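The structure appears below as structure tokens.
The values are calculated or read from the model by the stated rules, or taken from the named source; none is laboratory data. A quick note: this is a predicted structure, and the numbers were derived from the prediction, not measured. Glycine also receives a Cβ, built like all others from the backbone with ideal geometry; neighbour counts cover every protein chain displayed.
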Amino acid sequence: MSMFSKDSLQDEGLSWEPYFVKKGQVFGLPIVHYNLEFAVEVALAIQHLKPDAIAIELPETMASEMLHAASRLPDVSVVVAKSQDKAPLYYLCEPCDALFEALRAGIDNNIRTFCIDLDIDEYPNVREYLPDTYAIKRIGLKAYYEAYLNSQQNKVELELDLKREVHMAKKLKELTFSFEKILFIGGMAHLEGVFAHLDDVSYPQHMHAFREHVEICTLTENSVREVLAECGWVSSYYEKWRDSKEKLMFQEPDRQAVIYSLCKMASIRYSDNTGNEFPGYHMRNIMKFMRNYALVCDKLQPDLFQILSAAKACVDNNYAYEVWDLATHYPYYSNVDNLRQLNLTIEDFWQNSKLFKFTLKQKKQERCWLS
């Protein structure tokens, strides 16, 4: 296995540099699920590499539903299945997920796209503590991935992960008989394992979990506000960048700038809706508060809860509400094909949440003295 990296594009005024793990005809792109930075990496990598086929780490048994969900983007979809004990399984399809960006780009560019993962039942909820993905913006994907590998040297692999990796390696090897250049997009935890089995001379037969019914649904508007991994403001920013005709001619989205634009727009709405001034020191205090809050949580950029906390602490509840309202608004919700709507909560997808309350004050009244 070898590392493949082209010359930097910085000579052309661009900060992005392509990076792949390469073995034979297969180019591997390691990703972290559900975030802006890796959706950008996938979009640019596909445009740069121009593969003949794309293979992604999603269940093979649900390929048609996953492709349907990707074709609906930027509208949000949920692929719903049930485990063997009838517990619901949800796959959220949103713009800022690297895997669904790959499916969508494959559809847009007429590239054959395949879901090649083994469908496993009762997969444990494994939570990895990764460096902030914003680091890619500063050090690049190559350095980020190598740092991740160094941190995983003593990791014990699950038996279920081994089965999945062998199955995906088998599917990739089958694709090499039909395609010259294959882009494989898989989680950082599995890419090395998949590539290690690409040269196996034989593969065991693994059976997919039985799914009696798989359905594609959408969410209610209130649910969309709550459950997106990347809030509506970030997802909308990404969508606008993605729609630019030649992405390599534009600077890729920078989360820091996106957060600043959110706070700036909220300040305008705050002044309009309350009549209060928004002096410059408010923004300086907010930026410093968010930076410090993120750092004590071992992050480079704040999450939505930290952004709202900074807005409330440095200004007031009304400003925090304006930030929340803008941050969670998602303008691409439409459901033009009338899919069944689900009213799901953040716990249904991410298993943890924090409650944030607003105590709003009424707009100041203009006083007029009468004689």
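Computed values, structure above
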read-out	value
Among residues of the range 319-350, those that are free of Cβ contacts under 8 Å to residues at least 40 places away in the same chain and not in a helix (DSSP H, G or I), counted	1
Test: residue in the range 260-268 that is within 20 Å of residue 97 (Cβ to Cβ) and either in contact with a helix residue (DSSP H, G or I) (Cβ under 7 Å, 6 or more places away or on another chain) or modelled with pLDDT under 95 (or both)	no
Number of the condition not met by residue 122 [criteria: (1) exposed (fewer than 14 other Cβ atoms within 10 Å of the Cβ); (2) under 19 Å from the mean Cα position of the chain (by Cα); (3) of a type in the set (D, E, K, R); (4) farther than 19 Å from residue 30 by Cβ]	(2)
Yes/no for residue 182 being at pLDDT 95 or above, among the hydrophobic types (A, V, I, L, M, F, W, C) and more than 26 Å from residue 352 (Cα to Cα)	yes
In the range 184-221, residue nearest to residue 90 (Cα to Cα) [restricted to those that are of a type in the set (A, V, I, L, M), in contact (Cβ under 8 Å) with a residue 24 or more places away in the chain and in a loop (DSSP other than H, G, I, E, B)]	214
Filtered residue count, the range 74-125, keeping only those that are free of Cβ contacts under 8 Å to residues at least 40 places away in the same chain and either within 23 Å of residue 179 (Cβ to Cβ) or out of contact with any strand residue (DSSP E or B) (no Cβ under 7 Å at 6 or more places or on another chain) (or both)	10
Criterion violated by residue 305 - all others in (1) within 15 Å of residue 233 (Cα to Cα); (2) in contact (Cβ under 8 Å) with a residue 60 or more places away in the chain satisfied	(2)
Strands (runs of 3 or more DSSP E) wholly inside the range 12-101 containing at least 2 residues that are under 25 Å from residue 219 (Cα atoms) and in contact with a Pro (Cβ under 8 Å, 6 or more places away or on another chain)	77-82
Hey, residue 346 under 21 Å from residue 230 (Cα atoms) and over 21 Å from the mean Cα position of the chain (by Cα) or not	no
Top-ranked residue of the range 25-57 - restricted to ones that are over 18 Å from residue 228 (Cα atoms) and of a type in the set (S, T, N, Q), ranked as nearest to the chain's Cα centre (by Cα)	47
Output for the range 111-159, where each listed residue is assigned to a loop (DSSP other than H, G, I, E, B) and closer than 24 Å to residue 37 by Cα	111, 125, 126, 127, 128, 129, 130, 131, 132, 152
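Quick grid of which residues meet (1) buried (at least 21 other Cβ atoms within 10 Å of the Cβ); (2) in contact with a helix residue (DSSP H, G or I) (Cβ under 7 Å, 6 or more places away or on another chain); (3) modelled with pLDDT under 95:
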| position | (1), (2), (3) |
| --- | --- |
| 2 | no, no, yes |
| 28 | yes, yes, no |
| 39 | yes, yes, no |
| 46 | yes, yes, no |
| 50 | no, no, no |
| 75 | yes, no, no |
